[in-house]
Amino acid sequence: MKLSQERIDLWVGSFLVLLSAITFSSKAIFVKLYYRVEIDVLSALFLRMIFALPFFVLALLIDKIRRQTPPLEKKDKIWIVFLGFFGYYLSSYLDFQGLTLISASLERLILFSYPTLVVILSFFVFKTPITKKEVISLSLTYTGIGIVFYSEDILKSSEKWEGALYVFLCAITYSIYLLGSGKMIKRVGSVRFTNTSMIVACVFVIFHYLLVKGMPVLESFSKDEYTIGFLMAIFSTVIPSYLLFWGMKKIGSEKAAIINSIGPVSTIAMAYCILDEQVKWQEFPGVILIILGVLWISFRK
(Lines give C-alpha, C1' and ligand atoms only; values in the text may rest on other atoms or scores of the structure.)
Protein backbone atom coordinates (compact mmCIF):
# COMPACT_ATOMS: atom_id res chain seq x y z
CA MET A 1 0.00 0.00 0.00
CA LYS A 2 1.49 3.30 -1.13
CA LEU A 3 1.76 6.07 1.49
CA SER A 4 0.26 9.45 0.62
CA GLN A 5 2.49 12.54 0.53
CA GLU A 6 0.59 13.94 3.51
CA ARG A 7 1.36 10.84 5.56
CA ILE A 8 5.04 10.93 4.54
CA ASP A 9 5.25 14.62 5.52
CA LEU A 10 3.67 13.82 8.89
CA TRP A 11 6.20 11.07 9.67
CA VAL A 12 9.21 13.00 8.39
CA GLY A 13 8.13 16.25 10.09
CA SER A 14 7.43 14.50 13.38
CA PHE A 15 10.83 12.80 13.29
CA LEU A 16 12.60 16.11 12.61
CA VAL A 17 10.82 17.90 15.47
CA LEU A 18 11.53 14.96 17.81
CA LEU A 19 15.25 15.13 16.97
CA SER A 20 15.14 18.89 17.46
CA ALA A 21 13.60 18.56 20.93
CA ILE A 22 16.14 15.95 22.02
CA THR A 23 19.20 17.72 20.62
CA PHE A 24 18.12 21.09 22.02
CA SER A 25 17.56 19.46 25.42
CA SER A 26 21.16 18.22 25.38
CA LYS A 27 22.40 21.80 25.88
CA ALA A 28 22.11 21.59 29.66
CA ILE A 29 24.05 18.30 29.61
CA PHE A 30 26.90 19.87 27.62
CA VAL A 31 26.99 22.86 29.99
CA LYS A 32 27.20 20.56 32.99
CA LEU A 33 30.02 18.62 31.32
CA TYR A 34 31.75 21.95 30.75
CA TYR A 35 31.61 22.81 34.43
CA ARG A 36 33.17 19.44 35.28
CA VAL A 37 36.31 20.53 33.45
CA GLU A 38 36.15 23.74 35.51
CA ILE A 39 35.50 26.29 32.79
CA ASP A 40 33.81 29.59 33.68
CA VAL A 41 30.39 30.67 32.40
CA LEU A 42 31.58 33.32 29.95
CA SER A 43 34.23 31.07 28.40
CA ALA A 44 31.71 28.24 27.97
CA LEU A 45 29.26 30.58 26.26
CA PHE A 46 32.04 32.07 24.10
CA LEU A 47 33.13 28.66 22.79
CA ARG A 48 29.55 27.68 22.03
CA MET A 49 28.93 30.82 19.97
CA ILE A 50 32.31 31.01 18.23
CA PHE A 51 31.74 27.55 16.77
CA ALA A 52 28.07 28.23 15.90
CA LEU A 53 28.66 31.62 14.22
CA PRO A 54 30.12 30.37 10.88
CA PHE A 55 27.12 28.08 10.30
CA PHE A 56 24.59 30.90 10.74
CA VAL A 57 26.63 33.28 8.54
CA LEU A 58 26.87 30.64 5.81
CA ALA A 59 23.14 29.85 6.03
CA LEU A 60 22.28 33.56 5.81
CA LEU A 61 24.49 34.02 2.72
CA ILE A 62 22.99 30.96 0.99
CA ASP A 63 19.46 32.20 1.72
CA LYS A 64 20.35 35.68 0.42
CA ILE A 65 21.75 34.28 -2.84
CA ARG A 66 18.83 31.89 -3.38
CA ARG A 67 16.07 34.39 -2.62
CA GLN A 68 17.79 37.60 -3.76
CA THR A 69 16.55 39.28 -0.58
CA PRO A 70 16.70 43.09 -0.41
CA PRO A 71 18.61 44.87 2.39
CA LEU A 72 16.83 45.09 5.74
CA GLU A 73 15.14 48.35 6.64
CA LYS A 74 16.66 50.36 9.48
CA LYS A 75 13.82 49.67 11.94
CA ASP A 76 14.01 45.94 11.15
CA LYS A 77 17.74 45.97 11.92
CA ILE A 78 17.08 47.70 15.26
CA TRP A 79 14.42 45.15 16.22
CA ILE A 80 16.61 42.19 15.23
CA VAL A 81 19.50 43.53 17.32
CA PHE A 82 17.11 44.05 20.26
CA LEU A 83 15.59 40.57 19.97
CA GLY A 84 18.94 38.88 19.33
CA PHE A 85 20.27 40.52 22.49
CA PHE A 86 17.39 39.23 24.62
CA GLY A 87 16.76 35.92 22.88
CA TYR A 88 20.12 34.20 22.61
CA TYR A 89 22.66 36.43 24.34
CA LEU A 90 21.09 37.53 27.62
CA SER A 91 18.88 34.45 27.99
CA SER A 92 21.83 32.11 27.29
CA TYR A 93 24.05 33.95 29.77
CA LEU A 94 21.37 33.73 32.50
CA ASP A 95 20.79 30.06 31.69
CA PHE A 96 24.49 29.19 31.91
CA GLN A 97 24.71 31.04 35.23
CA GLY A 98 21.72 29.12 36.58
CA LEU A 99 23.24 25.78 35.57
CA THR A 100 26.21 26.44 37.85
CA LEU A 101 23.80 26.18 40.79
CA ILE A 102 20.99 23.76 39.89
CA SER A 103 20.60 20.41 38.12
CA ALA A 104 20.08 20.06 34.37
CA SER A 105 16.66 18.44 34.99
CA LEU A 106 15.40 21.33 37.12
CA GLU A 107 16.73 23.87 34.60
CA ARG A 108 14.78 22.27 31.75
CA LEU A 109 11.55 22.14 33.75
CA ILE A 110 11.73 25.84 34.67
CA LEU A 111 12.72 26.85 31.16
CA PHE A 112 9.86 24.80 29.69
CA SER A 113 7.40 27.29 31.22
CA TYR A 114 8.21 29.94 28.59
CA PRO A 115 4.91 29.55 26.60
CA THR A 116 2.97 30.59 29.71
CA LEU A 117 5.25 33.60 30.13
CA VAL A 118 4.50 34.64 26.54
CA VAL A 119 0.79 34.73 27.47
CA ILE A 120 1.47 36.81 30.59
CA LEU A 121 3.75 39.24 28.73
CA SER A 122 1.18 39.55 25.92
CA PHE A 123 -1.38 40.58 28.52
CA PHE A 124 0.83 43.35 29.96
CA VAL A 125 2.45 44.54 26.71
CA PHE A 126 -0.31 44.14 24.11
CA LYS A 127 -3.33 44.02 26.48
CA THR A 128 -4.25 40.61 25.04
CA PRO A 129 -7.01 39.12 27.24
CA ILE A 130 -6.18 35.93 29.14
CA THR A 131 -8.83 33.29 28.40
CA LYS A 132 -10.23 30.67 30.78
CA LYS A 133 -8.23 28.02 28.97
CA GLU A 134 -5.04 30.00 29.51
CA VAL A 135 -5.86 30.44 33.23
CA ILE A 136 -6.14 26.64 33.51
CA SER A 137 -2.80 26.26 31.71
CA LEU A 138 -1.10 28.80 33.96
CA SER A 139 -2.54 27.09 37.05
CA LEU A 140 -1.31 23.65 35.94
CA THR A 141 2.16 24.85 34.97
CA TYR A 142 2.92 26.87 38.09
CA THR A 143 1.37 24.31 40.43
CA GLY A 144 3.76 21.81 38.82
CA ILE A 145 6.71 24.17 39.30
CA GLY A 146 5.65 24.65 42.93
CA ILE A 147 5.65 20.87 43.49
CA VAL A 148 9.11 20.53 41.94
CA PHE A 149 10.43 23.44 44.01
CA TYR A 150 9.03 21.86 47.19
CA SER A 151 10.51 18.44 46.31
CA GLU A 152 13.92 20.00 45.63
CA ASP A 153 13.81 22.05 48.88
CA ILE A 154 14.64 25.11 46.81
CA LEU A 155 13.24 27.60 49.31
CA LYS A 156 15.61 26.19 51.94
CA SER A 157 18.70 26.51 49.76
CA SER A 158 19.92 29.98 48.79
CA GLU A 159 22.13 28.42 46.10
CA LYS A 160 19.28 26.52 44.43
CA TRP A 161 16.97 29.51 44.80
CA GLU A 162 19.50 31.76 43.06
CA GLY A 163 20.02 29.22 40.28
CA ALA A 164 16.27 28.80 39.76
CA LEU A 165 15.89 32.60 39.62
CA TYR A 166 18.58 32.86 36.92
CA VAL A 167 16.83 30.23 34.79
CA PHE A 168 13.41 31.82 35.32
CA LEU A 169 14.85 35.17 34.18
CA CYS A 170 16.24 33.30 31.18
CA ALA A 171 12.72 32.04 30.41
CA ILE A 172 11.39 35.62 30.64
CA THR A 173 14.02 37.04 28.28
CA TYR A 174 13.46 34.18 25.83
CA SER A 175 9.71 34.90 25.99
CA ILE A 176 10.43 38.53 25.04
CA TYR A 177 12.32 37.19 22.02
CA LEU A 178 9.40 34.94 21.04
CA LEU A 179 6.90 37.76 21.53
CA GLY A 180 8.74 40.01 19.08
CA SER A 181 9.85 37.29 16.68
CA GLY A 182 6.29 36.59 15.48
CA LYS A 183 5.99 40.06 13.96
CA MET A 184 9.55 40.08 12.61
CA ILE A 185 9.19 36.69 10.90
CA LYS A 186 6.19 38.04 9.00
CA ARG A 187 8.24 41.05 7.89
CA VAL A 188 11.59 39.46 6.94
CA GLY A 189 10.96 35.69 6.80
CA SER A 190 11.72 32.94 9.32
CA VAL A 191 15.07 31.76 7.89
CA ARG A 192 16.45 35.28 7.55
CA PHE A 193 15.26 36.33 10.99
CA THR A 194 16.59 33.20 12.74
CA ASN A 195 20.03 33.42 11.15
CA THR A 196 20.37 37.18 11.64
CA SER A 197 19.22 37.19 15.27
CA MET A 198 21.57 34.28 16.06
CA ILE A 199 24.48 36.13 14.43
CA VAL A 200 23.66 39.19 16.56
CA ALA A 201 23.64 37.04 19.71
CA CYS A 202 26.99 35.45 18.78
CA VAL A 203 28.52 38.90 18.26
CA PHE A 204 27.25 40.11 21.66
CA VAL A 205 28.74 37.05 23.38
CA ILE A 206 32.10 37.44 21.62
CA PHE A 207 32.21 41.18 22.42
CA HIS A 208 31.35 40.45 26.08
CA TYR A 209 34.16 37.89 26.27
CA LEU A 210 36.73 40.21 24.64
CA LEU A 211 35.68 43.07 26.92
CA VAL A 212 36.14 41.00 30.08
CA LYS A 213 38.96 38.61 29.17
CA GLY A 214 40.71 40.10 26.17
CA MET A 215 41.76 38.38 22.95
CA PRO A 216 42.02 34.60 23.45
CA VAL A 217 44.84 32.43 22.09
CA LEU A 218 44.69 28.76 21.14
CA GLU A 219 46.24 27.78 24.47
CA SER A 220 43.46 29.58 26.36
CA PHE A 221 41.34 26.42 26.33
CA SER A 222 42.02 22.72 26.69
CA LYS A 223 41.23 20.04 24.11
CA ASP A 224 38.21 18.91 26.17
CA GLU A 225 36.86 22.47 26.33
CA TYR A 226 37.18 22.89 22.57
CA THR A 227 35.51 19.51 21.99
CA ILE A 228 32.54 20.19 24.27
CA GLY A 229 32.13 23.69 22.80
CA PHE A 230 32.07 22.35 19.25
CA LEU A 231 29.61 19.56 20.07
CA MET A 232 27.32 21.95 21.96
CA ALA A 233 27.38 24.44 19.08
CA ILE A 234 26.50 21.78 16.52
CA PHE A 235 24.17 19.43 18.40
CA SER A 236 22.33 21.79 20.74
CA THR A 237 22.43 25.10 18.84
CA VAL A 238 22.70 24.83 15.05
CA ILE A 239 21.09 21.45 14.31
CA PRO A 240 17.96 21.86 16.49
CA SER A 241 17.28 25.33 15.06
CA TYR A 242 17.01 23.98 11.51
CA LEU A 243 15.39 20.65 12.42
CA LEU A 244 12.56 22.50 14.17
CA PHE A 245 12.13 24.89 11.25
CA TRP A 246 11.98 22.06 8.66
CA GLY A 247 9.73 19.92 10.86
CA MET A 248 7.23 22.71 11.54
CA LYS A 249 6.97 23.43 7.83
CA LYS A 250 5.72 19.87 7.35
CA ILE A 251 3.45 19.34 10.38
CA GLY A 252 2.58 22.79 11.74
CA SER A 253 3.20 24.43 15.12
CA GLU A 254 0.49 22.59 17.10
CA LYS A 255 1.74 19.09 16.31
CA ALA A 256 5.28 20.32 16.90
CA ALA A 257 4.22 21.56 20.35
CA ILE A 258 3.08 18.05 21.31
CA ILE A 259 6.36 16.48 20.22
CA ASN A 260 8.42 19.23 21.89
CA SER A 261 6.96 18.19 25.24
CA ILE A 262 9.49 15.34 25.17
CA GLY A 263 12.17 17.98 25.93
CA PRO A 264 12.06 17.91 29.76
CA VAL A 265 11.73 14.12 29.78
CA SER A 266 14.74 13.68 27.49
CA THR A 267 16.81 16.07 29.63
CA ILE A 268 15.92 14.15 32.79
CA ALA A 269 16.84 10.86 31.08
CA MET A 270 20.15 12.20 29.74
CA ALA A 271 21.00 13.82 33.08
CA TYR A 272 20.41 10.48 34.82
CA CYS A 273 22.44 8.43 32.30
CA ILE A 274 25.30 10.86 31.62
CA LEU A 275 25.54 13.08 34.71
CA ASP A 276 24.20 10.56 37.25
CA GLU A 277 21.62 13.11 38.45
CA GLN A 278 18.98 11.48 40.64
CA VAL A 279 15.30 12.41 40.27
CA LYS A 280 13.02 12.19 43.31
CA TRP A 281 9.74 10.36 42.76
CA GLN A 282 7.95 13.29 44.47
CA GLU A 283 8.90 15.48 41.50
CA PHE A 284 7.06 13.45 38.86
CA PRO A 285 3.55 14.87 39.59
CA GLY A 286 5.07 18.33 39.11
CA VAL A 287 6.78 17.27 35.87
CA ILE A 288 3.46 15.94 34.52
CA LEU A 289 1.57 19.12 35.49
CA ILE A 290 4.17 21.37 33.83
CA ILE A 291 4.02 19.39 30.58
CA LEU A 292 0.20 19.31 30.64
CA GLY A 293 0.04 23.05 31.29
CA VAL A 294 2.35 23.90 28.41
CA LEU A 295 0.53 21.52 26.05
CA TRP A 296 -2.81 23.03 27.08
CA ILE A 297 -1.63 26.55 26.31
CA SER A 298 -0.19 25.38 22.98
CA PHE A 299 -3.71 24.52 21.87
CA ARG A 300 -5.41 27.56 23.38
CA LYS A 301 -6.81 28.69 20.01
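The values are calculated or read from the model by the stated rules, or taken from the named source; none is laboratory data. Just so we're clear, the structure is a prediction, and the values are computed from it rather than from any experiment. Here the Cβ is made from the backbone with ideal geometry for all residues, glycine too, and neighbour counts use every protein chain on show.
Residues in segment 171-220 that are of a type in the set (D, E, K, R) and surrounded by fewer than 20 Cβ atoms within 10 Å (Cβ to Cβ) were compared, and the one that is nearest to the chain's Cα centre (by Cα) is 183.
Scanning segment 123-169 for residues that are buried (at least 17 other Cβ atoms within 10 Å of the Cβ), farther than 21 Å from residue 96 by Cα and in contact with a Phe, Trp or Tyr (Cβ under 7 Å, 6 or more places away or on another chain) yields 137, 140.
Taking segment 195-301 and the helices (runs of 4 or more DSSP H) fully enclosed by it, the elements with 2 or more residues that are modelled with pLDDT of 90 or more and small (Gly, Ala, Ser) are at 223-233.
If you go through segment 59-111 and pick out every residue that is of a type in the set (Val, Ile, Thr) and within 19 Å of residue 234 (Cα to Cα), you end up with 1.
Considered as a group, the residues in segment 86-100 that are under 14 Å from the mean Cα position of the chain (by Cα), part of a helix (DSSP H, G or I) and not small (Gly, Ala, Ser) include one that is nearest to residue 195 (Cα to Cα), and that residue is 88.
A quick yes/no check of all residues on (1) closer than 22 Å to residue 176 by Cα; (2) in contact with a Phe, Trp or Tyr (Cβ under 8 Å, 6 or more places away or on another chain); (3) modelled with pLDDT of 90 or more:
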residue	(1), (2), (3)
28	yes, no, yes
61	no, no, yes
70	no, no, no
91	yes, yes, yes
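Every residue, every condition in (1) without any contact (Cβ under 8 Å) to a residue 24 or more places away in the chain; (2) not basic (Lys, Arg), yes or no:
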| site | (1), (2) |
| --- | --- |
| 156 | yes, no |
| 160 | no, no |
| 166 | no, yes |
| 192 | no, no |
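Is at least one residue of segment 221-238 surrounded by fewer than 19 Cβ atoms within 10 Å (Cβ to Cβ), under 30 Å from residue 78 (Cβ atoms) and not polar (S, T, N, Q)? For segment 221-238, residues surrounded by fewer than 19 Cβ atoms within 10 Å (Cβ to Cβ), under 30 Å from residue 78 (Cβ atoms) and not polar (S, T, N, Q): absent. Listed by first and then second residue, the pairs with beta-carbon distance under 8 Å, at least 6 apart or on different chains, first residue in segment 109-133 and part of a helix (DSSP H, G or I), second buried (at least 21 other Cβ atoms within 10 Å of the Cβ) and aromatic (Phe, Trp, Tyr), are 111/174; 114/174. For segment 21-61, the set of residues classified as more than 24 Å from residue 109 (Cα to Cα) and among the β-branched types (Val, Ile, Thr) consists of 37, 39, 50, 57, listed by residue number. Applying the condition of being in contact with a Ser or Thr (Cβ under 8 Å, 6 or more places away or on another chain) and β-branched (Val, Ile, Thr) to segment 186-209 and asking which residue is farthest from residue 233 (Cα to Cα) yields 188. Here segment 31-76 is the region considered, the condition is being part of a helix (DSSP H, G or I), over 24 Å from residue 242 (Cα atoms) and without any contact (Cβ under 8 Å) to a residue 12 or more places away in the chain, and the residue that is nearest to the chain's Cα centre (by Cα) is 36. The residues in segment 17-51 that are farther than 22 Å from residue 167 by Cα and buried (at least 22 other Cβ atoms within 10 Å of the Cβ) can be counted, and the count is 1.
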